[in-house]
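Let me begin by presenting the structure, written as structure tokens, before commenting on it.
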Amino acid sequence: MALTLTAGDLPLLAAGASFFGSGGGGSPTLTELMVRPVFASPVQAVLPGELDPDTPCFAAAFAGSTMLLNERLPGADAFGPLVTVAERWMGRRLEAVCSLEAGGMNALTPFLFAHDRIIIDADCSGRAVPTLGRTSIYINETPGLFAVCSTGAGGVSLLQSRRAEDVDQLLRAAMVQSGGAGAVIFAGFTARDLTTDSLHGHLAHSLEIGAALASTRSEPVELLAARLGARLVGHGRVLALTQDSRDPHVHAAEIGGMDGAVIRLVSRSEHLAVLVDGEPIAAAPDYIVAIDALSRKLIEVTDLHVNRHVALLTLPADQWWRAAPGRADRLFPSSYGIHGLDPAW
């Protein structure tokens, strides 16, 4: 059954996208503003199984520096030339669009196409991820997959390889060439492929998360956790931020819990693990979310700072990650070079 979304749902979707980013993926504020005109009238989203199985689909995303995207705003038709090239390559029209990531700014990107494409309530990661090898379409090696990206000054590049690492490296080079950030689409798959090679229902889940956050803003954080069905790890003041000597991109926040516990939040581009008194409590791909205990603002990795009062929540990852051996390994902390914190799945 199609999900009908209205203008009043957009802030809730954005809040849910921020939650599912687990501290990464960039703020959805930019894409929320970009898609707001679309919600002048109701928008419908469907699940992959509700489409003709042969429907050509694509996933759209912004890549590169999310901070830069907020400083150098993308053009109104950043994706238009990419879709044109993809359709020329395939020889047919791309009829439907899904999200590449359920978390962060890219969760809302498909709505940029709502005027003439079908919106699919599906994504390829369930969260925010830093590399393509952590997305469902590359993990499952969806046949025919290719990417089209901007290279700056009107340039476009089409990339096709079965190895996610190759596409990642070429995309990074293209983003550098385009000034540090740009648009990218992934195509070559159908609605039939998305029934097995994507995670379903992130828009509906984001609505639920956003509604819970909005309705408990002035309530105790314990009530928020209960409303979300999440685990409240604890809350307290950030005492220190430390950087890993082996990887400068990895850092840990030490939090003095209100109950006297010492909480350690380990992050890279997203929050990856949380420990209490030295014991691991949760790790990616489960969601680990830091929330300002006073304002209830969802905190990105880059916004953690000493003396900030935070609450930490965890929520189980989408069942897709548990449905086949080896999938979750792509998101465990060890896949980022952080050892000793992988969960026992």
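Taking the listed residues 250, 262, the one that is outside the structural domain of residue 90 (by TED's automatic domain parsing), surrounded by 14 or more Cβ atoms within 10 Å (Cβ to Cβ) and out of contact with any helix residue (DSSP H, G or I) (no Cβ under 9 Å at 6 or more places or on another chain) is 262, with no other qualifying. Residue 249 - would you say it is touching a Ser or Thr at 6+ places or on another chain (Cβ under 9 Å), modelled with pLDDT under 95 and within 19 Å of residue 300 (Cβ to Cβ)? Yes, satisfied. Within the set 245, 267, the sole residue that is touching a helix residue (DSSP H, G or I) at 6+ places or on another chain (Cβ under 6 Å) and not basic (Lys, Arg) turns out to be 267. One residue stands out in the range 38-62 among those that are under 15 Å from residue 94 (Cβ atoms) and part of a strand (DSSP E or B): the one that is farthest from the chain's Cα centre (by Cα), namely 56.
Within 23 Å of the chain's Cα centre (by Cα) and on the phi < 0 side of the Ramachandran plot, is that true of residue 291? So residue 291 passes the test. For residue 85, state whether it is assigned to a helix (DSSP H, G or I), in the same structural domain as residue 147 (by TED's automatic domain parsing) and in contact with a helix residue (DSSP H, G or I) (Cβ under 6 Å, 6 or more places away or on another chain). So residue 85 fails the test. Listed by position, the strands (runs of 3 or more DSSP E) contained in the range 268-345 that have at least 1 residues being among the charged types (D, E, K, R) and surrounded by fewer than 20 Cβ atoms within 10 Å (Cβ to Cβ) are 279-283, 287-292. Restricting the first member to the range 317-345 and to residues that are assigned by TED's automatic domain parsing to the domain that holds residue 279 and farther than 17 Å from residue 129 by Cα, and the second to residues that are outside any helix (DSSP H, G or I) and among the basic types (Lys, Arg), no beta-carbon pair is closer than 6 Å while six or more apart or on different chains. As an exercise: evaluate residue 242 against (1) assigned to a strand (DSSP E or B); (2) touching a Lys or Arg at 6+ places or on another chain (Cβ under 9 Å); (3) hydroxyl-bearing (Ser, Thr, Tyr) and give the number of the one condition it does not meet. Looking at each condition in turn, residue 242 falls short on (2). For the range 181-197, filtered to residues that are within 19 Å of the chain's Cα centre (by Cα) and of a type in the set (Gly, Ala, Ser), the residue that is farthest from residue 295 (Cα to Cα) is 187.
For the range 91-112, filtered to residues that are without any contact (Cβ under 8 Å) to a residue 60 or more places away in the chain and in contact with a helix residue (DSSP H, G or I) (Cβ under 8 Å, 6 or more places away or on another chain), the residue that is surrounded by the most Cβ atoms within 10 Å (Cβ to Cβ) is 97.
Scan the range 130-147 and give yes if some residue there is over 26 Å from residue 50 (Cα atoms) and of a type in the set (A, V, I, L, M, F, W, C), otherwise no. Yes.
I'd like to know if the range 63-73 contains one or more residues that are small (Gly, Ala, Ser), surrounded by fewer than 18 Cβ atoms within 10 Å (Cβ to Cβ) and either assigned by TED's automatic domain parsing to the domain that holds residue 14 or outside any loop (DSSP other than H, G, I, E, B) (or both). Looking through the range 63-73, at least one residue is small (Gly, Ala, Ser), surrounded by fewer than 18 Cβ atoms within 10 Å (Cβ to Cβ) and either assigned by TED's automatic domain parsing to the domain that holds residue 14 or outside any loop (DSSP other than H, G, I, E, B) (or both). Looking at 58, 19, 39, can you tell me which residue is within 23 Å of residue 183 (Cβ to Cβ) and buried (at least 20 other Cβ atoms within 10 Å of the Cβ)? Matching residue, one of 58, 19, 39: 58.
Checked against (1) in contact with a strand residue (DSSP E or B) (Cβ under 6 Å, 6 or more places away or on another chain); (2) more than 19 Å from residue 2 (Cβ to Cβ); (3) surrounded by 21 or more Cβ atoms within 10 Å (Cβ to Cβ), residue 139 passes all but condition (1). Candidates in the range 198-220 are the residues that are surrounded by fewer than 18 Cβ atoms within 10 Å (Cβ to Cβ) and farther than 30 Å from residue 138 by Cβ; of these, the one that is nearest to the chain's Cα centre (by Cα) is 211. Here 318, 303 are screened, and the one residue that is under 20 Å from residue 230 (Cα atoms) and acidic (Asp, Glu) is 318. Here residue 236 meets the list (1) assigned by TED's automatic domain parsing to the domain that holds residue 136; (2) part of a strand (DSSP E or B); (3) surrounded by 18 or more Cβ atoms within 10 Å (Cβ to Cβ) almost entirely, failing just condition (1).
The values are calculated or read from the model by the stated rules, or taken from the named source; none is laboratory data. Just so you know, these numbers come straight off a predicted model, no measurement behind them. Reconstructed Cβ throughout: ideal geometry from the backbone, glycine too, with neighbour counts over all protein chains shown.
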